[in-house]
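All of the numbers you see were taken from the coordinates with simple rules; none came from a lab. Note that the structure is predicted; figures quoted are calculated from it, not measured. A quick note on method: Cβ atoms are made from the backbone with ideal geometry, for glycine too, and the neighbour counts reach across all protein chains shown.
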Amino acid sequence: MKRPIALPWVLFVLALAAGAATSLHLALRLRAVRSDAALAVAKTAQANDTLRQDVRELRAANAELDVRLQKLERQSLALLASKDELELKLAALAERAAEPARSRVEPARHVRAKQSSELARSKRAPRNTAKRQEGG
């Protein structure tokens, strides 16, 4: 009898060994990918938590800035009101200051006019008094 050929069995064993090696390789790659995915999920969760914390801090800072902005707007309005009030007071004071200057100028003109007329009378008066003395 002829001995059976071993080649098919060798090929079968080589195929099984190749399949096992490929399965082992793919299983290791799958484990590495899963651990990378788990690590990525953990990093994403951590980054998400960090971002949430940052958002909370930014919202709190925004609320503080809103309060400061409202305070500064109120101060600005108060300063504008004070400015308007001071401008009105300044205009009133300027008018008051202008009135005495006008009243000082006008009486001074009248005084000068009176002095001029009195000077003119006084120059005429001695003549008149001299004529009166002669005539009287």
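Things to note:
- Within straight-line cross-link reach of residue 83, aspartates and glutamates at Cα separation under 16 Å, skipping those fewer than 8 residues along the same chain: 73
- Prolate/oblate/rounded label for region 1-98 (Cα gyration tensor, a/c 1.5): prolate
- Cα→Cβ-extended label distance, 7 Å offset, between residue 52 and residue 25, nm: 4.3 nm
- 3J(HN,Hα) along region 69-74, derived from phi through the Karplus expression 6.51 cos²θ - 1.76 cosθ + 1.60 where θ = phi - 60°, amounts to 5, 4, 4, 5, 5, 5 Hz, with x in place of Gly and Pro.
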